[in-house]
1. Suppose every Lys and Arg Cβ carries +1 and every Asp and Glu Cβ carries -1, with no other charges. What dipole size does the range B:115-239 come out with about its Cα centre, to the nearest 20 debye?
2. Mind listing the long-range amide H neighbours of residue B:132? Cut-off is under 5 Å, sequence gap 5 or more, other chains count too, H placed in the peptide plane at 1.01 Å from N.
3. Based on the Cβ-Cβ distance from residue A:257 to residue B:636, what FRET efficiency comes out when R0 is 22 Å, to the nearest 0.05?
4. Inside 10 Å of the C-beta atoms of B:123-129, what's the mean count of C-beta atoms belonging to other chains?
5. Arrange A:217, B:7 by Cβ neighbour counts within 10 Å, fewest through most, would you?
6. Between residue B:407 and residue B:565, what FRET efficiency follows from the Cβ-Cβ distance if R0 is 60 Å, with the result rounded to 0.05?
7. Using per-residue counts of other Cβ atoms within 10 Å, averaged over each peptide, order A:104-113, A:196-205 from highest down.
8. Could you sort the peptides B:319-326, B:238-245 by per-residue average Cβ neighbour count (10 Å cutoff), highest mean leading?
Amino acid sequence: MIPGQFDYHAPTTVQEAVQLLQEHGDEAKVLAGGHSLVPLMRLRLAAPSVLVDINRIPELRGINRTNGTVTIGATTTHATIERSEVLKRVLPMLPAAATVIGDPMVRNRGTFGGSLAHADPAGDWPAVALALNAEMRIVGPDGERTVPAGEFFVDLLTSAVEPGELLTHVSIPVPGGNVGMSYQKFGHPASGYAVTGVAAIVTLYENNYCLDCSIAITGAGTKATRATETENALRNQTLDEATMAQAAEQAGTGIDFLGDIYASEEYRQQLVKVYTKRALLAALHAANEGQSAEAQKTL
Amino acid sequence: MAYASLIGAQVKRKEDPRLITGMATYVGDLDIPGTHHVALVRSPYAHANIRGIDTSAAASMPGVLAVVTGEDLLSEYEPMPMESSGEGEAPQDERDMEHTHHALSVNRVRHVGEAVVAVIATSMAIAQDAADEVIVEWEPLPAVADMQKARQDDAPLLFRDRPGNVERVWRKSTGDVDAAFGQAHRVVSQRMVSQRLAGIPMEGRAVLAMPDPGTGGVTIWTSTQAPHLSRKDLERTLRLPENLIRVIAPEVGGGFGVKIGIYPEDILLPVLAKRFGLPMCWIETRSEHMVATTHGRAQIADVAAAVQEDGTVTALRLHILADIGAYPQAPGIPKLTCRMATGVYRIPAVDLQATNVFTNTTPVAAYRGAGRPEAAYYIERLMDLVADELGMDPAEVRRKNFIPPDAFPYDTAAGETYDSGEYDKPLTRALELARYEALRKEQKRRREDGSGNLLGIGLACWVEMCGFGPFESAIVRVEPSGTVTVFTGVSPHGQGQETTFAQIVADHLGADFDRIVVRHGDTRETPMGVGTMGSRGLAVGGSAVVRATGKVRDKASRIAAHMLEAAPEDIVLQDGKYQVRGAPDRGLTLAEIADEAYDDDLPDDIEPGLEATSFFKPPELVYPFGAHVAVVEIERDTGKVHLCEYFSVDDCGPRISPVLVEGQVHGGLAQGISQALFEEVVYDQEGQVLSGTLMDYAVPRATHLPMFTTAETVTPTPHNPLGAKGIGEAATIGSTPTVVNAVLDALEPFGVRHIDMPLHPEKVWRAMQG
Ligand SMILES: Cc1cc2nc3c(=O)[nH]c(=O)nc-3n(C[C@H](O)[C@H](O)[C@H](O)COP(=O)(O)OP(=O)(O)OC[C@H]3O[C@@H](n4cnc5c(N)ncnc54)[C@H](O)[C@@H]3O)c2cc1C
């Protein structure tokens, strides 16, 4: 179908964009990759009368590494992340996860910031950003604020970005030490979105002793969620398959599970356990292999 | 010209360059001055009365030409004949019933997606905006979407004259079924569902109608598999002389059966075009396609076999409940299932029954295989259950029951006469290719080991009926320069007959393949024809081409005889030249003969010209067959099925174009596998579609499928000059039971007997939980 009528603006600075959003209020929507927004408009489930296209704002695009932080601009595409040599070295879970988002067309258009701001419960990036303790920089009429990933995903399709605001950058601390990370996903056969996706990061001391671990889950419930109980059960433990499998049993705690015609709540509970275990195993494996990008590929 | 025989050769498709370079013209590519665009307001309810329609806001929008309701158009056409879509014979007793629908529905709607208002505007965008402004006052009625519930006493009734919502019941019984079941060593029975599927061709439906003020007629471009059938239906419906209606199927982007016969839009657009004197265009959106284009399958079957100790099946019972949706679009399909119920087996006694049920859902009609995939699924699943019950190998049970090669032509208890077959050959070949024995050993090892993915091996032997009549046609015309134009009555919608038919003509006429053009899909320039459906293009249409080519060749030989001063009997076509037997140095090319055929000095006893027409009526149906093997692995903790290997050995008789056959097999496999593992149209109790977009409805992708291993056996049919059977639906028919059998085979250690399709991970996982 064809979307309803709308006015189109393509500002070149963040200031201009925020001004336009301010000016048009509820009527306006940010257009990034358009791969979530445009389908909704075509189905006429969304009918904004103003679109503010942020793709021509140079400062919103690109990947930067400074000291211990990687900063990713909101309009950086999935494909750019997929191919980033820097990320493959320091945050290999990001390019690995990018490869399982949709198909090449989706990855060429869809953006990191758009995916996060949209807060689709089945999106892949929310779990990855959450597990990596990302920080979101949001610019609005009153200036800039920073929201930690743990507070960013509010509810189904609702993020901390308020109308009139723009998510500009995402900062991710590069974890130090002997770290392994992996994103494991059970994709929907039709949409490709995550029926369940689990991002896991483990930081090891000698002999697989777990100094820290971070696990986030998407797809299963209304929003991306940290598996806090599983994390707690693994910290300061020696990691082996049995320990991780046992801890993964608790991974669903705190998730407001969703069910649909493809996968019921009960089945998603099972997937969360299985994929948490798989992600942990893969992360452990990656840490043991010295965190190479290759090790991030699915087990 | 270097001469090479083209039949059976690896010839590239003539169609591909234009398709690959984006130069093909589909309905949506037409750009006719003055065209107005039509958007349709469709029912959001599964069952409702229309209490009123307010079109005023929409009609007053800039760019809107008119907003039209069903009422407005009633006097301008006859209600639509419903039984036109489908394969096999069309029952004739429906015409007077209330079970017709209109160009736009009037008073009442019976499924989500029925069109009730047409908005006509200068652009599609404006038309869609205006359609949002049409206000329909609905009175929702209780709806029933489940075929079993539809038969209950308290179910809402779709048609007053059809109590219990039963459209018709068809029965057939042969032999003493009760005795066979009474004396059986075992009775093996199972309820199985062949779930509802959507067609989803790459190109949806599309219609552009242009009035011809000069004649009062109309030209209709429509994305159809059967333009001649459409014209015949439209003649009645539009009350226009048949020869003033021109139906053109331009490039058609797939059909899979859902583009046979006319839909409401096929009437609506010409009616609007005539009423407003303007070209009118409607292009289906994918959302519309999911609810307004017919679905397929949708059957529940109770199937049972009477079995002797050695595995011999002595009788078969098949009782089908067929959900035909809200209107009887193709009520003959469940009967086709019954007619193929016994598959490749010698089963002397049958009790067959099909009950068609109305529900508040999109009508069900032909979809790749139309009735035969269901039959193959039931019998091939049942054979595995028989093997299970008796502790036999599934291949052995099948061999025990095969119709032997010397029994053909073979009259089945279901009433078919199978033309030719040698069923053990493809099975043996498929098992060899798959290294069946080694697979079974590996399976045994894994089962003892008890860890890792479950391994399953499935097989199925399929047979189907195809090459439906009543006829197909061809004109073969040699122009003076020696180019050849073939006009065929079949209307390809992606199959590639431009290539196959040119191969036939090149070989049979000594024509240059590159200078042969095959024209199709236009009722004004092609002879009366039927269309592409039921795997009939080559067997029936190709046979007409052979016949017409033969006539032209006879005439070319006569002209050559005159030119070479020899007797016509002495002329042979050899190495692409017409020559006197034994004198190869004095040969004539087709071009030289064609030049003479239109020349002044042609002798008086030879009529000028070099063309011929042939209508081929197939004496009987043809019955291709084959055997497939699938290897699957299942994850124990998620139930996810991985299809690892697939072997398909198919027998469609001689292959004119191996490349095209291979393409049909690959596509067919994808669709059949997809029914087994992925696809299902899901309705809720109120008749709302829950799988209404491609985000929910899983169309197979390359990454879902393994590399296919294909092979052939060749058993010609005696029923046509090519010996060819059909291949279009074959692989779809064979693959669905093969994959399901493989999954159930993998689950044997869990004591799981059957799971209904699609075998989504959750279902498999639950089955493993017990
Ligand atoms: C066929 C298909 C398959 C897909 N498969 C997957 C998949 O497997 N996994 C997955 O995670 N995703 C998948 N997606 C979604 C895809 O990744 C989208 O690109 C992504 O979800 C949204 O990003 P976008 O840049 O396209 O955002 P848009 O569609 O442009 O915007 C989405 C929403 O976010 C808002 N927004 C966008 N950017 C900003 C910003 N910087 N600040 C404030 N608000 C903003 C918009 O206003 C809009 O409301 C798929 C999409 C399609 C079409």
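Bear in mind that the values in this text are calculations on the coordinates, not laboratory data. These numbers come from a predicted model, not from an experiment. Quick reminder, even Gly has a Cβ in these numbers, built from the backbone with ideal geometry, and neighbours come from all protein chains shown.
1. Working: 15 positive and 16 negative charges, 165 e Å.
In total the dipole reaches around 800 debye.
2. So residue B:132 has HN proximity to no qualifying residue.
3. Details: r = 22 Å, r/R0 = 1.01.
Step by step, r from the Cβ atoms, then E = 0.50.
4. Details: counts 1, 2, 5, 2, 1, 6, 5.
Mean number of neighbouring Cβ atoms from other chains: 3.
5. B:7, A:217
6. Details: r = 53 Å, r/R0 = 0.89.
The calculated FRET efficiency here is 0.65.
7. Details: A:104-113: 19.9, A:196-205: 27.8.
Most protected by this proxy first, the peptides run A:196-205, A:104-113.
8. B:319-326, B:238-245
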